[in-house]
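Structure first, then comments.
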Amino acid sequence: MANEEENKLFIESFCTNVQNPDRAVRQRALKQLATDFLPKQPAAACSALFDATYLHLLRCYSDRFESIRTLAVETIDLMLERLPANDFYLGYIVPVLAKRIGQAEIIEESEELRLLLLEQLERLVQKYRDPDGTAGDPLLKVFDEIVDILIKTLRDPYPAAQKKSCEIVMALGTATPSLHYRAEALVAPAKTVLSHRHSANRIVAVEMLGLLSLHILSNGDRISEIIMAISPLLMDDVPYVRRACGRVGCLMLMKLRDRYSFFHRILPLVLNCLTDDTAEVRDDILARWKEAGELYYLENETELSKVALIEKLPEGYPINRYTRPTLACRSIVQRSLRVVNLVLREMEEWKENIRLHATKLLKQIVLHAESSFSTLYAEVNPVLAKACMDSDKSIVMEALSVCELLGILLDYDTWSKHVLIEFRKFPSIGQLRCMRTLYAHCGQSEGNQKDIKRFVALLLDVDVCHNQKEDYQYELLEFCDVLVTDSRKGRDLTAMLEEITVSDGGDSVEQSLERMLYTVILKVVAFCYESKGTIREKGMNVLNRLDSDIDKLHEMHLGSVLGRIEHLESEHSDASTSLMLLCGIVSICRFQESYFEPLRLTLEKALSHAAPEGKVKLFSAISVAILGWSEKNNQDNDVQLSLLKPFIDGLVAPYLVWAAGRSAESIRTMATACFASLAQGVNANVYASLLPGYLNILAGLIEDNNIATRVYTLKALLRLEPLDLESLKLLAFPIMSRLDDPSAEVRELAATCLGSLKLKSLVDADEGTFDRWQEILKQIVSVMMLHLEHPEIKLRSAIFVSMKRLYADNRELISRLANEVPSGCSYKKDLDRITGTAVDDSM
């Protein structure tokens with residue numbers, strides 16, 4: 001009795017003190033109740049204590065001092081732990097919570113206290129949980145108020161309070177069977193948490209939305225809304241957020257009402273995680289994906305068990321790179337191929353990360369759908385081709401992986417005709433990459449062996465093989481490499497080439513497969529002859545695979561290629577496709593007897609019609625090709641002369657003649673460059689026989705106004721053989737005059753050329769001829785000695801070298817002239833050294 005009286009007095013004192021205007025009194029009363037009185041009371045007495053104090057305690061929830069409010073909440077929490085699970089208490093506490101944190105405006109300003117109130121609400125949900133409704137679902141009495149609180153707190157600016165609200169929604173899902181009544185109302189505020197900066201909040205929001213979807217019974221649009229809201233988080237930077245998306249997807253696959261009709265929307269959540277960069281995410285979702293497949297198998301066992309008996313691994317399946325999905329998982333995807341429409345839309349988004357994830361998703365769909373994907377190929381091809389030429393290299397790699405799988409998993413006839421038609425319409429690099437990858441990975445069959453000619457004919461189209469973009473050229477060569485490799489499989493290539501022929505654009509002349517491949521490869525290499533060393537090297541490697549003897553290929557097929565270069569009768573500039581192609585062919589194939597005549601005739605036609613800049617480009621290519629003459633031509637001198645003489649007379653010599661104008665000057669310069677190349681590339685004996693016929697023209701070019709022309713002319717005369725007196729007179733004085741040329745290079749070349757002047761048949765020459773040559777030579781040597789005082793070191797060195805060469809055949813003359821030089825002259829010692837060295841050498 002004494003204890004009861006003491007308790008009664010304490011409670012009366014508490015009720016009085018907790019209403020005291022003094023904050024310290026109220027605070028002390030709450031602390032005494034929570035720390036001194038309440039722990040000493042038996043659990044049975046807590047109900048009476050709550051009845052006596054709850055009005056005062058709940059009134060403290062709105063006290064103007066935060067410390068009082070906090071103590072009141074903590075005290076109620078202590079009582080709840082000891083009170084029986086009677087819904088009587090819910091009706092008092094939850095409405096007060098709704099007033100504090102469930103209003104449209106923020107009533108409770110303290111963030112920490114809002115979190116404390118939410119934790120109290122969570123305790124109430126856990127205390128009165130009744131998942132099956134066997135206890136009458138006590139939470140239903142205050143369910144609307146709880147949902148109203150959560151609708152507000154899910155938008156709370158305090159991250160911890162927001163996270164706690166999500167956790168309470170998830171707790172409600174297992175605490176009451178009544179969540180479906182207002183599950184839809186929670187979707188909109190829950191979606192706002194998905195964009196929170198804290199990853200923990202995003203994770204719990206995804207899980208909460210997945211749970212809510214299970215409790216939405218009839219509104220399919222709301223479920224679709226949830227899936228669409230979660231999907232962007234598949235690209236979240238945090239792996240655990242992505243994993244949460246995948247887990248929700250698997251949960252929906254197994255527990256969502258009417259889930260079969262939502263498979264096509266749910267699958268992206270799961271399949272995207274199977275290609276995640278983090279192994280932990282991939283492994284976790286793969287295990288759950290298999291569980292979903294097992295459930296689907298149990299539900300459709302009759303149908304799937306029959307399929308399991310007859311199915312086999314597709315031929316060429318890349319088991320070293322991919323693990324084949326289970327039959328049930330494949331069946332889920334195969335019945336949900338509507339998802340492809342969503343994927344294709346996202347593959348054309350402007351954001352790179354969306355396109356990348358969509359392409360990865362398409363790869364997973366193809367991997368699961370296998371041959372069932374055949375009906376969708378025509379729809380997918382344009383988008384896939386676009387992805388194959390994306391600016392983002394990672395997207396291109398994923399798109400090519402999709403093409404590779406399609407080539408392996410689909411029948412050849414499924415895609416081949418469509419690809420051939422589409423590429424003919426739109427020969428883009430994307431279509432080319434797509435077609436090349438499909439063909440490279442399709443299984444060997446009679447169909448694709450038969451269609452090699454059709455693919456090569458596509459590549460032979462001028463819109464394709466005349467494309468000069470570097471990436472396009474590389475892909476073209478890659479495809480040619482695949483076709484060359486494929487044509488060698490199964491049968492001897494030569495025999496195959498004899499029987500497979502196609503006509504070119506209605507032309508009555510048919511071409512063999514080898515010729516067509518050679519034409520495509522040669523054109524690509526020809527267009528990049530001036531640059532793009534990688535492409536050129538790649539092209540030559542492919543040609544070498546076509547036939548290890550490339551010269552033999554040129555011999556067999558170059559004439560045909562030259563004959564099919566179009567519009568050479570038109571006036572072409574240096575940027576003309578036909579002219580660039582011809583220049584490239586000349587530079588690569590150079591000149592060889594077996595195809596020399598058709599190449600000469602083609603060049604003659606092009607030169608006669610080309611614009612001035614086109615002529616310059618052609619002569620540039622010819623000069624480069626002539627440098628390698630000796631590598632390709634080892635015939636007798638007479639044979640080489642029979643080739644070169646008509647070539648020079650018909651193509652080069654006409655353009656050496658002086659004509660007015662800047663354009664004519666440029667053409668003349670490059671034609672002279674061809675002679676300079678002859679001096680370096682042709683056998684010395686052949687050149688010696690060829691040169692005399694053109695000395696009259698070259699003599700005039702020595703004094704041309706253009707420096708480059710003078711340089712090339714003097715280079716053409718560096719390899720002079722002994723000449724008759726008239727020829728020497730023709731050349732000697734023009735060359736000598738160039739010692740005073742404004743160009744240092746011309747002066748040096750002139751000094752070097754003077755050393756090559758030599759009278760032909762010196763032994764047999766009559767005395768008058770020899771004397772006249774000595775007179776000329778005396779003038780030359782005198783001028784050379786005068787230029788020994790020139791400040792240029794290179795010029796003096798060139799003159800000394802030439803004088804040594806002249807001294808060998810004209811000792812008396814040069815010695816006399818050297819002796820006449822005054823002893824104090826700066827170059828006297830050098831002259832003495834030349835003559836002294838010559839004497840020593842003769843001894």
- Task: State which entries of K152/K255; K360/K386; K523/K617; K363/K469 exceed 20 angstrom in Cα-Cα distance in the structure shown.
- Result: K152/K255; K363/K469
- Query: At a Förster radius of 45 Å, what calculated FRET efficiency corresponds to the Cβ-Cβ distance of S743 and S374, to the nearest 0.05?
  - Reply: 0.05
- Label point at M254 placed 7 Å out along Cα→Cβ; residues across the range 212-227 whose backbone nitrogen lies under 20 Å: 212-216, 227
- Item | Cα-based reach from K632 at 16 Å (exclusive), listing lysines while leaving out same-chain residues under 8 positions away | K552
- Task: Calculate the spin-label point distance for S548 paired with Q774, positioning each point 7 Å from the Cα along the beta-carbon direction, and give it in nanometres.
- Result: 6.4
- Please determine, in degrees from 0 to 90 and to the nearest 10, the orientation of helix 593-609 with respect to the longest principal axis defined by the Cα atoms of the chain, where the helix direction is its Cα long axis. 80
- Could you work out how far helix 2-17 tilts from the main Cα principal axis of the chain, as a 0 to 90 degree angle to the nearest 10? 60
- Residue list for the range 118-140, given a label point 7 angstrom along the Cα-to-Cβ vector of I107 and an amide N cut-off under 20 Å: 118-125
- Message: I'd like the Karplus ³J(HN,Hα) series for the range 106-120: coefficients 6.51, -1.76, 1.60, θ = phi - 60°, whole numbers in Hz, and an x wherever there's a Gly or Pro.
- Response: 7, 8, 7, 7, 6, 5, 5, 6, 4, 5, 5, 5, 5, 4, 5
- Message: How large a share of the accessible area of the range 1-110, in percent, is made up of carbon and sulfur atoms when the probe is 1.4 Å and the other protein chains stay in place?
- Response: 52
- Accessible carbon and sulfur surface of the range 626-766 relative to its total accessible area, %, 1.4 Å: 50
- Theoretical FRET efficiency, 1/(1+(r/R0)^6), r = Cβ-Cβ of F426 and C825, R0 45 Å, to 0.05: 0.05
- Query: List the GluC sites (Glu not before Pro) in the range 1-106 that DSSP assigns to loop (not H, G, I, E or B) and whose Cβ has at most 16 other Cβ atoms within 10 Å. Which are they?
  - Reply: E105
- Message: Please enumerate, by chain and number, the aspartates and glutamates with C-alpha under 12 Å from the C-alpha of K99, excluding those fewer than 8 residues away in the same chain.
- Response: E108, E145, D148
- Message: With a 1.4 Å probe and all protein chains kept in place, how much accessible area does M556 have, in Å² rounded to the nearest 10?
- Response: 90
- From Cα coordinates alone, what are the radius of gyration and Dmax values for the range 392-433 in angstrom? 11.2, 31
- Provide the solvent-accessible area of H572, counting protein heavy atoms only and rolling a 1.4 Å probe, rounded to the nearest 10 Å². 20
- Task: Quick one: plug the Kirkwood hydrodynamic radius of the chain (C-alpha pairs) into Stokes-Einstein at 4 °C, 1.567 mPa s, and report D in µm²/s.
- Result: 36
- Query: How large is the helix-only mean residue ellipticity at 222 nm for the chain, computed as the sum of -39500 (n - 2.57) over DSSP H runs with n ≥ 4, divided by its residue count, in deg cm²/dmol to the nearest 500?
  - Reply: -21500 deg cm²/dmol
- Item | Accessible area of the range 186-343 belonging to carbon and sulfur atoms, whole % at 1.4 Å probe | 51
- Full-stretch length increase - T323, K729 - with 0.36 nm per residue and alpha-carbon distance subtracted: 137.5 nm
- Site E6, offset 7 angstrom along Cα→Cβ, radius 18 Å on amide nitrogen, limited to the range 24-64, gives 32-46, 49
- Message: I'd like the trypsin sites (Lys or Arg not before Pro) in the range 1-65 restricted to DSSP loop residues with at most 11 other Cβ atoms within 10 Å, sorted by number.
- Response: R64
- Packing-based ranking, highest mean first, of 83-90, 214-221 given that Cβ atoms within 10 Å are counted: 83-90, 214-221
- Query: Could you give the angle, 0 to 90 degrees to the nearest 10, between helix 412-425's Cα long axis and the longest principal axis of the Cα atoms of the chain?
  - Reply: 60
- Query: How do E119, E537, E346, E109 stack up against each other in accessible area, from largest to smallest, with a 1.4 angstrom probe?
  - Reply: E109, E537, E346, E119
- Item | Probe 1.4 Å, protein heavy atoms only - accessible area per residue of the chain in square angstrom | 44
- Would you mind getting me the FRET efficiency between D132 and E566? Use the beta-carbon distance for r and R0 = 56 Å, nearest 0.05. 0.10
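The values are calculated or read from the model by the stated rules, or taken from the named source; none is laboratory data. All values reported here derive from a predicted model rather than from experimental measurement. Note: ideal-geometry Cβ built from the backbone for every residue, glycine included; neighbour counts use all protein chains shown. In case anyone asks, the SASA skips ligands and DNA or RNA and just uses the protein heavy atoms, side chains included. Shrake-Rupley method; radii C 1.70, N 1.55, O 1.52, S 1.80 Å.
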